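Chemist: This is the structure I have questions about; it appears just below.
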Amino acid sequence: MQPGSEQAARAGFDQDFLKKLEYLHIVAKKVFAGRMRAERRSRSTGAGIEFADHRDYTPGDDLRYLDWAVYGRMDRLLLRLFEQEEDLYIYLLVDTSASMRLGGGPKGSGRPLLKTGPDGRIAKLGYAAQIAAALGYVGLANLDRVAVYTFTELLGDGLPAARGKGRIFKALDFLATLEPTGQTDMAAALSEFVQKVKRRGVAIVLSDFYDQHGYEEGLNKLRYHRFEPAAIQILDPREQDPTARGDVELVDMETGELRQVTLSAAL
């Protein structure tokens, strides 16, 4: 842990944890063209070190890549092609809407989102921040480019794509200061994202996916614009196994909408 990074320390990341992450890899189903060499193979060919194939020599080709062993056997001038190694762009999209506050105490309570309370829970946004930090470190450790963005009904603040393990401390500080507020509109927020971001890559969405308009359109926008989406749903145990019974009035944390329902164990 970098000395003096108090906000990063709040997230609970120590040296041992960061070292373990170095052995992990984010494996993309697709390979995207990058600007610089990294540790990920591309389907394109160029000046790499892994042999890919041969092609016929044409005037003007670099003579250094001629395969003279093949010429000696077959009397043909063939050029050796190599796999390029390129960097992958990884975008971490963190839902910071009001519903992500659950588990973190009431608004204005001063309870840090990344600290456990008396009940042993942290806010859903706290879990999302920890997962984003872990995935971000994995990407940076493997020389990929990692960007972090927040979203509610619109695309929020973010850290632009960066490369190198040293960037993780800035990401940890950014994630440790997130505050849940506003409503969710994934279609609008992700539409803004695909227009803003020029480089395609893996887009990892961390959210509870509580969107009154539905989340499908937002994820489909990522697919349509040739990103590779991955969805990680963050839920509080009380949402998965509610204990409320009888006649209750529910209040939507984002819209303030009231609904009176009768909750039985079966329902």
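Chemist: How about the stretch 228-261: which trypsin sites (Lys or Arg not before Pro) there lie in a loop by DSSP and see at most 13 other Cβ atoms within 10 Å?
Modeler: ARG245
Chemist: So, one more: Can you list which of the trypsin sites (Lys or Arg not before Pro) found in the stretch 194-236 are DSSP loop residues with at most 13 other C-beta atoms within 10 Å?
Modeler: Listed in order of number, the matching sites are LYS198, ARG226.
Chemist: Considering amide H positions built from the backbone, and no H for Pro or chain starts, which residues 5 or more places from ALA230, or on another chain, come under 5 Å of its amide H?
Modeler: Here the answer is ALA203, ILE204, VAL205, since their amide H atoms fall under 5 Å of that of ALA230.
Chemist: In terms of modelled amide H atoms, which long-range or inter-chain residues lie less than 5 Å from the amide H of ALA162?
Modeler: Close amide H contacts, sequence-distant or interchain: VAL146, ALA147.
Chemist: May I ask for the distance between the Cα centers of the stretch 188-267 and the stretch 169-186, given as a whole number of Å?
Modeler: Taking the Cα centre of each part, the stretch 188-267 and the stretch 169-186 sit 16 Å apart.
Chemist: Report the gain in length on full extension from GLU216 to GLN240: 0.36 nm times residue separation, minus Cα-Cα distance, nm rounded to one decimal.
Modeler: In short, 6.5 nm is gained.
Chemist: Another question, then. So if we plug the beta-carbon distance of LEU154 and GLN15 into 1/(1 + (r/R0)^6) with R0 = 30 Å, what FRET efficiency do we get, rounded to 0.05?
Modeler: Efficiency, rounded to the nearest 0.05: 0.20.
Chemist: Suppose accessible area is computed on protein heavy atoms with a 1.4 Å probe; arrange TYR127, TYR65 from highest to lowest.
Modeler: TYR127, TYR65
The values are calculated or read from the model by the stated rules, or taken from the named source; none is laboratory data. Given the structure is predicted, the values throughout are model-derived calculations rather than measurements. Note that we place each Cβ from the backbone using ideal geometry, even for glycine, and neighbour counts take in every protein chain shown. SASA here: full protein model, heavy atoms, side chains in, ligands and nucleic acids out. Shrake-Rupley method; radii C 1.70, N 1.55, O 1.52, S 1.80 Å.
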